[in-house]
1. List the residues whose amide H sits under 5 Å from the amide H of Phe338, counting only those 5 or more places along or on another chain, with H placed 1.01 Å from N in the peptide plane.
2. Once you charge only the Cβ atoms, +1 for Lys and Arg and -1 for Asp and Glu, what is the size of the charge dipole of region 972-1047 about its Cα centre, to the nearest 20 debye?
3. What's log10 of I(q)/I(0) for region 3-257 at q = 0.13, 0.14 Å⁻¹, Debye sum over Cα points only, no solvent?
4. Which of Tyr987, Tyr533 comes first, and how do the rest follow, when ranked by fewest Cβ neighbours within 10 Å?
5. Could you pull out every one of the aspartates and glutamates with an alpha carbon less than 13 Å from that of Lys454, ignoring same-chain neighbours closer than 8 positions?
6. What spacing in nm lies between the two simple spin-label points modelled at Thr977 and Ala456, each 7 Å away from Cα in the Cβ direction?
7. Between Ile1046 and Asn7, with labels modelled 7 Å along Cα→Cβ, what's the label distance in nm to one decimal, could you check?
8. Nothing charged except the Cβ atoms of Lys and Arg (+1) and of Asp and Glu (-1): what's the magnitude of the dipole of the chain about its Cα centre? Round to the nearest 20 debye.
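Bear in mind these aren't lab numbers, they're just calculated from the coordinates by the rules spelled out. Please read these numbers as outputs of a predicted model, since none were measured by experiment. All Cβ positions, even for glycine, are placed from backbone atoms using ideal geometry, and neighbour counts span all protein chains on display.
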Amino acid sequence: MALSQKNLTPSGDTTNFSIWYEDTLPNQASVIANANALLAVVENEFTVTTGWFNTPSGKFGTGNRQKVDLSLAAGSGANNNGYGSDIHVDSIGGGPNLQESVKMVWMNEWSEILMSITSNWNAGDSNGEGLSQYSGIMRFRTGHYSYYGSFVSNWLDGTGQAWSSNNKKFIPSPNAARSDWVNTTFTGKNVSGDQVNGDGDQVSFGCSLAFIYYLNVQLNFSINQVISNYNSNLASIYKAVTGDAGDPFPFFMRLISSVYPSGTPANIPGPITDNPFPIAIVRLGGKNTFGLDEAKDIINQHGGLVSGGLWLEVEGFSKQSFNALKVTASGNFSGSFFSLPGVSISPNPEGPQFQAGVNDTTPQMIMIPFDLTLSSPFLNQSPGTYILTGSLSCTDNFTNPGTPAVSAVSGSTNSMQFEILAGANPYFLNVDVKADNKPYLSQDLRVFTATPAKNAVPVVGGPGLNDSVAGAYQYIKDLLNYLNSTPGFTIPGATDPFTTVFPDQYGANQTDSSVTPFTLDLSTFPFKLDNNYNFAVARVRLQGSSGVAGEAKDVRVFFRLFATQTSDTDYDINSTYPSQPDAAGKPGSPLVGSGDGTLPFFATANFSSQQDYISGGPNIQTIEIPNNQDGVYKYYGCFLNLYDQGNIIDGKPVQAWLTGTHNCLVAQIAFDDAPIPQGASPLGWDQLAQRNLQVTLSDNPGGAETHRIPQTFDTRPSGLIVPPGTNQEAILPDELVIDWGKIPNGSVASIYWPQINASDVIKLATQFYSTNPLSAFDSHTIRLTVTEGLSYIPIPGGAGDNFAGLFTVDLPPGKVSTGQTFTILVRRLSSKTYTPPPPINTPPANHSMPANFGKGAKGEMVEGKQPVKAKAGLESKRHPSEQPRGTFSWRYDVGSFQVKIPVTTGDKMLPLEENTLAIMKWRLQQMVPSNRWYPVLQRYISYISDRVAGLGGDPNAIPPSVGGAPIKVITEQDKATYTGKICVILYDCFGDLEGFVLESCCSESRKFKSHEKTLGELLLRACRDRLLVTITVHKKEPEKICGIKIHC
């Protein structure tokens, strides 16, 4: 045997390599051709790969060439012993592309030479071999697949072999399919006398190869970053480049298994059958039920726009890789719903929403919102069930570098059902452009507070309100009669009383507060308390034929107040929406919800004696469209009798059942001819309307305790949860999704659930989410990192009571200013699943993977296999053109509530906080310690007490009282006066008034606090004109002003 360079060009040497071949091997012509083919590429590959490994200069060159010997027989692979040794390669190659396969096996060994120069990689273990195979594939793909198959498939299927280094034969791999070689490195094993080295097992290095592609393709880290950040195992790379300290293997495995499930041969499509990426887990969601009458109003009144009406929940990418790959769903919709005339889908201007508290480089949940726009042709469609299918595409710069191409994202195809309901039934319109199309602030439900001592005619032009409970009940009946008898209010498209004569519904305090029984009247002395009365009015719409032929007979509306805020407003006749049946067995009048969690209110009297739904009652009407009209409005309403101690439900005053300060209100249309199906949500069903807005003030400037924003909320446990990685199909928990809006950076949020272990929530997040930014503050409190974007909190399962909770946000002092308002949206998402009926008289389906799997084919198997009941009356109305091919799941909004945080000043906050403290102390007194709300109210009251103290009040001086805090009467003996001229006016860094300095001739200058903008203008004039000013203050709080007199 002899090595030769004869007939090699140029002479077998390049700057960094010396190529030789064995001249006694057969097929010399092919051997020489292979050597010359290798000579033609080695210097280019040297430049590329030494760049990958950041190889120090001086390691190679004309005086230190790397020797390469084409000395092995065909099919023998290649070997080396590290830097300074020869590379021995297969001289012939294998498969249909001999020269390319020789280049490939050389590249595998060359990369191992470079590994040996680095201090972190070991070419002799599973990770080093994974990197070696990656290098060969990426530089000589054709040669690799001419010589080898898919090592990643070997790992997924458990079909890989292992090389016995001592017995020189292949044996079955000693490692199981889908075993974790990310956190652990395979370094070798003796199997019954066969020694398997770390780089000799296809299963373990197949896992390593897959994870390198995950980092490189899915998460868009360069191979340079992958190589330089390695430290003993592949998980070390992930943690270094993403900043995520969690275990990357479970989600990596879950992502791959979403397309290549265990038990099914993993036929990864080419051209790189070791690279299954990019992959995404996608769930569609949004408003998927439209009544034709509702759609007509949306088209006529709002231009057909349903903003954010559709969204895709995407897992698998980081923010950085999502943007770099230009992932999009635009242009990727199909299905019978998408094909309907009058339906268009366009990206929402807000754009993708990323996960809060997660690094840009970390895989995360991403929400992509779309707008639905309906136009007139939609109104001609047949009622029934339709399908919308969506998927993702991306820009592929990886398969053919330098030649970007648009390609499908594997596994991203999913579908959801849409239901079109027949018209001519009474309905609400829950899309309100003035409320940014947020259905939790329904266009057809209004809540307002009236103070007759201040204004006896709260609705302009309407009836008067007498200052008593009886007067309030009479008022709501008179108001409904006024609204229903005024043609301008009942004709669609005419005058809208809600926006013209009702109190402003878009102001911060126009919500159903249950802790403001009085309004303090400062216009008299001594001060007095004026009674407040809360009312709700709902507008019901009907379209169709005029006269008796089109009438809707005995249309009822029920009003229910939830004990606090909740995102569980979906229709459940067994808990939150029970009712007394009418003669037809349908809902006839509302009952108290289970656990007194929902309370009905009426227009005639309290619960025990109400007559709202007898013939002629105010909340049961036969709606008839007048002649020459195609539609009509009718109004229903109730008096929210919250402060009357005589309003007793289940033995206690209403106040004793309330656990929050602003309570969710839902109006339900009960119409026998169109019953509401179990599970319907106000966000998707037009016979339910809700008003669900929490308002909690923040001080400015104030201390940290006055920037703490607490609010109670109620949460139902999730149903069946099956974590990934079991023998069953994974079933997601329901989850709270919190949209932080423009809340300032540096804010911190927490959720206190005393019935739940915080560790259980964190465990669920770890099992189901790619990244878990949640942490435990204590054993029952979850802490959330607040940044712009969305937070996801899995809801644990359980049977029995709902979870009583306290949701708290701490705004950073110094980063808010008076006049700002921050808005937080809390949604609950759940899943629905369509499972097709089994085929009839057909053989069992073939479960092998189709060749185009993951390329947008419909009917992919996705998470969540539990069937759900079809909407009433729709089981047999599937659109005839729709041919669903398999089970699919989608997400939907169960319900939502909004937290609004207006930033104001302490003097405005203190009376409100003192009232809240007094009432919440009283409510706690009515509870037994075993009540699920007891520990929540204890913590809530401690936070309110801190707020009162931070605002200058004394929480210990406020006794429990259902009527609120006692009035502080300031007598003349308590007052002090100071007269002088304004010499200094003080502003903060935002230009907001902080106070002023008064200078007099006979005493020292005095500083006074005030944040009133109008006072600032007055002070400027007094300062400019040198007017004499007298300031009256309380002796115990000399910086706080009771009155100002200007001497002209």
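1. For Phe338, the qualifying residues are Thr389.
2. 200 debye
3. Those come out to -0.81, -0.94, one per q.
4. Fewest to most other Cβ atoms nearby, the residues stand as Tyr987, Tyr533.
5. Result set, ordered by chain and number: Asp467, Asp521, Asp530.
6. A separation of 3.6 nm, rounded to one decimal place.
7. Result for the modelled spin labels: 10.8 nm.
8. 920 debye
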